[in-house]
Every structure is written in C-alpha cells, then in structure tokens.
Amino acid sequence: MESLSNKKKVLEVKPLNFMERAYLPAIIGGLATTMKHFFRKPVTISYPEEKREFSENFRGMHSLKRDEDGKERCTACGLCALSCPAEAITMTAAERQPGEENLYREEKYAAVYEINMLRCIFCGLCEEACPKEAIYLDGDIVPADYLRKDFIYGKDKLVEAPLNQ
Amino acid sequence: MGLADILIKFGLILIIFVISLVMAMYSTYAERKIAAFFQDRIGPNRAGPWGILQPLADGGKMFLKEEIIPTNATPFLFIVGPSLAILTACIGSAVIPWGQKMTIGGHIVDLQVTDINVGVLYIFGVVSLGVYGVMIGGWASNNKYSLLGAIRAASQNISYEISMGLSIIALLMLTGTLSLREIAEQQHSWHWNVLRQPLGFILFIVCAFAETNRTPFDLPECETELVGGYHTEYSSMKLGFYLFAEYINMFISSAVMATLYWGGYNYPGMDWMNGLLGTTWGPLFGVAIFFIKICLFIFFFMWVRWTIPRFRYDQLMDLGWKILIPLAIANIVLTGIGSTLLTHFGF
C-alpha cells in the first residue's frame with residue numbers, strides 16, 4: 001500500500017555473520033564497556049549529607065515573611081488560599097490587640113495559618129497572589145515524615161525566624 | 001588416625017564451613033557494590049563504614065521477617081526445598097584442595113577435607129543434586145510461576161551438565177586422574193591446565209554460569225517474566241537460604257574452576273617462596289593465592305551479570321545443545337589427537 005507520509009523506510013535485515021553468531025566477541029566488547037564505567041566517578045550523591053544546588057527559581061517549602069522591623073507581613077486576606085489549586089492552605093484571621101503592634105504589621109493577622117504539604121503541588125500561585133509579599137516558596141525540600149497529621153505545617157514551622165535572634 | 005588428626009579434620013571442616021558462609025554473605029554485599037560501580041552509583045553505604053555491615057543487617061531482616069507457608073503448598077516439601085538447596089551447596093567444598101600439605105608443630109595437616117579418588121565425579125553429583133532443591137521448592141509452592149521456574153531450572157541444568165561433563169572429559173584425558181588433589185599437584189608452578197585446555201575452560205565456565213543460575217542463564221528466577229521464579233512464594237529465611245545457596249554455589253564453582261584450570265593454590269615461583277617461608281607459612285601463602293583466584297572468578301561472575309542481558313529460553317537451549325555439546329566433542333577429539341601426537345613424537 002502507498003504510504004501516506006512517504007516517510008516509511010524499509011530496513012534490510014542482514015543475517016548475522018560468524019563473528020556475531022559466536023557471541024564471545026560481542027560479550028568481550030560489552031565487558032570492556034562496563035569495565036570503563038567501573039572506574040568512573042559515580043553520578044549519584046549521598047543525599048542527606050550532600051545536596052545538589054537548586055536552580056534559582058526552585059520552589060521548595062513555604063516561609064511566611066517578616067518586614068524590616070520583624071513584624072509579620074501576612075494580613076490573613078485569604079488570597080493565597082483562594083488561588084491555591086490544590087486547596088492546601090487554610091487560615092483563621094484575628095484582630096490585632098493594642099500592644100501587639102511590634103508583632104503584626106496590619107490590624108488583621110493570621111492567628112492560624114496551615115499548609116497541608118501532602119496536598120501542596122508547589123506551583124507558586126500563592127506567592128504570586130499575595131499582595132503583601134508575605135509568602136515565598138524559598139525553602140528546602142519538605143522532609144519526609146511518618147504520620148499524615150505531621151505534614152500539616154502550622155505557623156511554628158512556616159514563619160521566618162525573628163530578626164534579632 | 002589419631003585423636004589429633006580427627007580434631008584437625010573437624011577444625012578444618014568448621015573453618016571451611018564458616019568461610020563459605022562468610023564468602024556468601026559478603027558476596028551479596030560485593031554484588032550490590034559492584035553493580036553500583038558498574039552503573040555509576042555509590043551502592044549500599046549506610047550500615048557501618050562503606051556499608052560493610054550490610055550483610056548482617058540483611059541477615060537480621062531475613063530472620064525477623066514473617067514466615068509464610070501458602071495454604072495450598074505442601075508444607076513438608078516447602079521446607080525441604082530450601083534446606084536441600086543450602087545443604088548441597090555446602091557439601092560441595094569437601095573435596096576441594098585448599099592448599100599444599102602443611103606442618104604445624106610436627107603434625108602434617110592436609111588442607112583438604114577428604115581426598116576421594118573420584119573428586120570430580122563427587123562435585124558433579126553434588127551439583128546435580130542441587131537442582132532438586134529448586135525443583136522441590138518450585139513444585140511444593142503450588143504456584144504456576146514457581147513451577148515454571150522449577151521446570152526451567154531442571155531442563156537447563158540437564159542440558160548444560162552434558163556439555164560440562166564433556167568439557168571435563170577432555171581435561172581428564174590429560175590429567176589421567178579424577179582426584180582433585182592430584183589434578184592440583186600436576187599444575188605445579190605455572191603448568192596450569194588452562195594453557196592446555198583453553199577451549200575446554202571456556203566451555204566449562206559457560207556451563208558453570210548455567211549451573212549456578214547466574215545471568216545470562218538466570219531463567220529459573222527471571223524476575224521480569226516469572227516474578228521470582230521458583231522462590232516466588234518464599235519469604236524470610238527460607239528465601240534467604242535460596243539466595244545464600246546461589247552465592248555458595250558461585251563460591252564453590254569458582255573454587256572448582258580455579259582448581260581444575262587455573263592451578264588451584266599453585267603460582268609461578270612457588271618453590272622459591274616455599275623455601276623462603278617454610279612449611280607452615282608457604283602453604284598458607286598458596287591458600288591466599290587460591291582465594292585471590294576464587295575472588296577474581298566471583299568478580300567475573302558479577303561482572304558478566306551486570307553486562308549481559310538474559311537469554312531467551314529457546315536461545316538458551318540452542319546454545320546448550322547445538323553449540324556447546326558439538327564444541328565439547330570436538331575438543332575431546334582434538335585433545336585426543338594432540339596428546340597422541342605429543343606422546344608419539346616423544347615430547
């Protein structure tokens with residue numbers, strides 16, 4: 001039948017010659033190839049001790065940022081939770097009380113802020129949605145754990161360390 | 001035979017038993033490490049420095065795993081299978097001469113458990129018994145994959161034993177003896193049999209790969225088609241016994257190859273070395289040389305495993321029956337003509 005694309009190529013199958021049928025030359029060639037690899041430097045690394053450098057736009061674990069005075073930037077507007085395609089983010093807002101001005105930048109803040117790391121797909125949409133530049137995916141790889149509940153990261157794990165410590 | 005001799009023999013048996021087990025244990029480690037190096041990886045490195053405690057960790061794991069006997073299996077035979085496999089693997093080492101006779105404090109110690117005059121036949125008998133472990137285990141599991149693996153093992157062993165035996169006959173025509181001790185003694189210094197029987201050695205090593213079920217002839221276990229072949233249904237230490245038996249077999253067949261073809265404990269300049277080291281340390285140095293040869297063979301087994309893909313089953317049978325057996329017969333004829341001509345012209 002005429003082929004439509006005209007890209008068909010008929011390959012000629014040649015019978016094996018004596019050297020090919022004798023197996024041994026090919027086997028010795030193969031052994032030489034593997035022996036070359038034997039002395040090559042391994043391409044793998046011992047992961048937790050050694051780490052590869054991440055690319056500049058790598059998206060890892062989230063961190064909630066503070067401003068230059070050490071106050072939390074997040075105002076619990078919920079845009080990150082709204083933008084999240086995996087519905088991994090949830091939060092509870094609270095009003096700032098008098099005397100807490102050094103802790104929170106705006107009058108409203110997130111009393112509870114949780115990200116379920118098992119749901120998160122690290123797309124970075126929360127980062128883009130945030131109007132206050134409060135959340136960034138600039139951390140490391142999220143570590144492994146045994147229980148599902150331990151993958152729900154609260155503010156204790158997410159908020160950046162205070163400035164003067 | 002005095003009490004001292006009996007004690008020495010028991011000591012030797014114990015030492016050889018322990019050495020074969022330790023060799024098998026560390027073969028598993030070496031296999032994984034060597035595989036890693038061939039594939040540009042690092043390999044096991046968590047248990048102890050460079051992972052050298054890995055075999056112990058694996059052994060502990062094997063012992064602690066749950067013992068499972070399938071409901072429809074035949075319980076007695078299910079247990080007999082791996083026991084037989086490890087038993088036949090362990091008794092093969094009885095006739096291998098590990099070194100020259102040495103003297104310790106006036107006692108002459110023979111570094112061979114027993115020098116029976118049909119040593120080669122004994123090895124063959126034990127090797128062919130070994131397949132019963134696989135067959136019984138595969139049959140008793142009552143599982144299609146296991147049974148297929150067992151059938152493959154049996155037919156493969158039968159096919160390759162013929163060419164193995166024929167390749168040995170050519171060697172025996174030259175040595176004129178079946179005793180492994182005498183064969184080893186005849187290869188004094190550098191008169192190794194591989195120089196007189198290169199084709200025979202190639203045939204023998206190919207058959208040894210098939211007999212130990214190593215790649216490219218590992219069709220009995222064949223992970224890709226048969227799940228695990230004959231040991232699909234096995235768990236815990238019974239599986240461990242099967243895996244262990246494979247590595248002990250590899251050790252023993254390396255020792256046999258080294259003895260029959262590569263001079264055993266002989267090495268060039270051994271007379272000079274023996275004169276230098278005396279009658280105790282000289283033979284022990286020979287033992288060390290022998291173990292180096294064995295380790296090189298084990299390395300070769302692994303090197304081939306991580307290089308060559310598995311044969312298809314019909315190709316395997318083709319190779320065994322249509323190529324190896326005719327070649328082995330041709331080797332016998334050539335050896336006969338060659339040795340007759342050599343004696344005729346008085347070399």
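Results, tabulated for the structure shown:
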{"quantity": "Residues located in segment B:292-325, provided they are among the β-branched types (Val, Ile, Thr), farther than 14 Å from residue B:38 by Cα and within 13 Å of chain A (Cβ to nearest Cβ)", "calculated": "B:323"}
{"quantity": "Selected residue (only one of B:171, B:147 is among the hydrophobic types (A, V, I, L, M, F, W, C), more than 20 Å from the chain's Cα centre (by Cα) and surrounded by 17 or more Cβ atoms within 10 Å (Cβ to Cβ))", "calculated": "B:147"}
{"quantity": "Selection status of residue A:31, more than 14 Å from chain B (Cβ to nearest Cβ), more than 21 Å from residue A:160 (Cα to Cα) and not in a loop (DSSP other than H, G, I, E, B)", "calculated": "no"}
{"quantity": "Residue within segment A:129-149 that is free of Cβ contacts under 8 Å to residues at least 24 places away in the same chain, exposed (fewer than 14 other Cβ atoms within 10 Å of the Cβ) and not in a loop (DSSP other than H, G, I, E, B) present", "calculated": "yes"}
{"quantity": "Some residue of segment B:235-245 being on the phi > 0 side of the Ramachandran plot and either more than 20 Å from the chain's Cα centre (by Cα) or modelled with pLDDT of 85 or more (or both)", "calculated": "yes"}
{"quantity": "Number of the exception - residue A:82 against (1) more than 14 Å from chain B (Cβ to nearest Cβ); (2) in a helix (DSSP H, G or I); (3) under 30 Å from residue B:319 (Cβ atoms)", "calculated": "(3)"}
{"quantity": "Residue within segment A:2-12 that is within 14 Å of chain B (Cβ to nearest Cβ) and either surrounded by 10 or more Cβ atoms within 10 Å (Cβ to Cβ) or assigned to a loop (DSSP other than H, G, I, E, B) (or both) present", "calculated": "no"}
{"quantity": "Some residue of segment B:1-9 being under 30 Å from residue B:138 (Cβ atoms), more than 14 Å from every other protein chain (Cβ to nearest Cβ) and in a helix (DSSP H, G or I)", "calculated": "no"}
{"quantity": "Helices (runs of 4 or more DSSP H) completely within segment B:215-333 that count 2 or more residues being buried (at least 20 other Cβ atoms within 10 Å of the Cβ) and touching a helix residue (DSSP H, G or I) at 6+ places or on another chain (Cβ under 6 Å)", "calculated": "B:236-260, B:270-305"}
{"quantity": "Residues satisfying the stated conditions in segment B:189-204, i.e. touching a residue at least 12 places away in the same chain (Cβ under 8 Å) and among the β-branched types (Val, Ile, Thr)", "calculated": "B:194"}
{"quantity": "Condition met for residue A:133 (in contact with a Leu (Cβ under 6 Å, 6 or more places away or on another chain) and farther than 24 Å from residue A:51 by Cα)", "calculated": "no"}
{"quantity": "Selected residue (only one of B:32, B:41, B:46 is within 14 Å of chain A (Cβ to nearest Cβ) and in a helix (DSSP H, G or I))", "calculated": "B:32"}
{"quantity": "Segment B:115-133: number of residues that are surrounded by fewer than 18 Cβ atoms within 10 Å (Cβ to Cβ) and without any contact (Cβ under 8 Å) to a residue 40 or more places away in the chain", "calculated": "2"}
{"quantity": "Only one of B:79, B:52 that is surrounded by fewer than 16 Cβ atoms within 10 Å (Cβ to Cβ), more than 14 Å from every other protein chain (Cβ to nearest Cβ) and closer than 21 Å to residue B:244 by Cβ", "calculated": "B:52"}
{"quantity": "Answer residue from segment A:18-33, given it is among the hydrophobic types (A, V, I, L, M, F, W, C) and within 24 Å of residue B:39 (Cβ to Cβ) and is farthest from the chain's Cα centre (by Cα) among those", "calculated": "A:24"}
{"quantity": "Condition broken by residue B:337, with the remaining ones in (1) among the hydrophobic types (A, V, I, L, M, F, W, C); (2) more than 12 Å from chain A (Cβ to nearest Cβ); (3) surrounded by 18 or more Cβ atoms within 10 Å (Cβ to Cβ) satisfied", "calculated": "(3)"}
{"quantity": "Residue satisfying condition, being over 24 Å from residue B:299 (Cα atoms), more than 14 Å from chain A (Cβ to nearest Cβ), surrounded by fewer than 15 Cβ atoms within 10 Å (Cβ to Cβ) and without any contact (Cβ under 8 Å) to a residue 12 or more places away in the chain, within set B:61, B:65", "calculated": "B:61"}
{"quantity": "Single condition residue B:194 does not satisfy, out of (1) part of a helix (DSSP H, G or I); (2) over 20 Å from the mean Cα position of the chain (by Cα)", "calculated": "(2)"}
{"quantity": "Failed criterion for residue A:70 (all others in (1) touching a Pro at 6+ places or on another chain (Cβ under 7 Å); (2) within 14 Å of chain B (Cβ to nearest Cβ) hold)", "calculated": "(2)"}
{"quantity": "Only listed residue being more than 9 Å from every other protein chain (Cβ to nearest Cβ), under 30 Å from residue B:299 (Cβ atoms) and either of a type in the set (Val, Ile, Thr) or surrounded by fewer than 10 Cβ atoms within 10 Å (Cβ to Cβ) (or both), chosen from A:56, A:50, A:20", "calculated": "A:50"}
{"quantity": "Candidates A:94, A:86 - the one that is under 30 Å from residue A:146 (Cβ atoms), among the aliphatic types (A, V, I, L, M) and free of Cβ contacts under 8 Å to residues at least 60 places away in the same chain", "calculated": "A:86"}
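Listed here are the residues, each with its yes/no results for (1) closer than 18 Å to residue B:95 by Cα; (2) among the aromatic types (Phe, Trp, Tyr).
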| site | (1), (2) |
| --- | --- |
| B:263 | yes, no |
| B:290 | yes, yes |
| B:316 | no, no |
| B:326 | no, no |
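The values are calculated or read from the model by the stated rules, or taken from the named source; none is laboratory data. It should be emphasised that the depicted structure is a prediction, and the values quoted were computed from it without experimental measurement. When we count neighbours, we look across all protein chains shown, and the Cβ atoms used for this are built from the backbone with ideal geometry, even at glycine.
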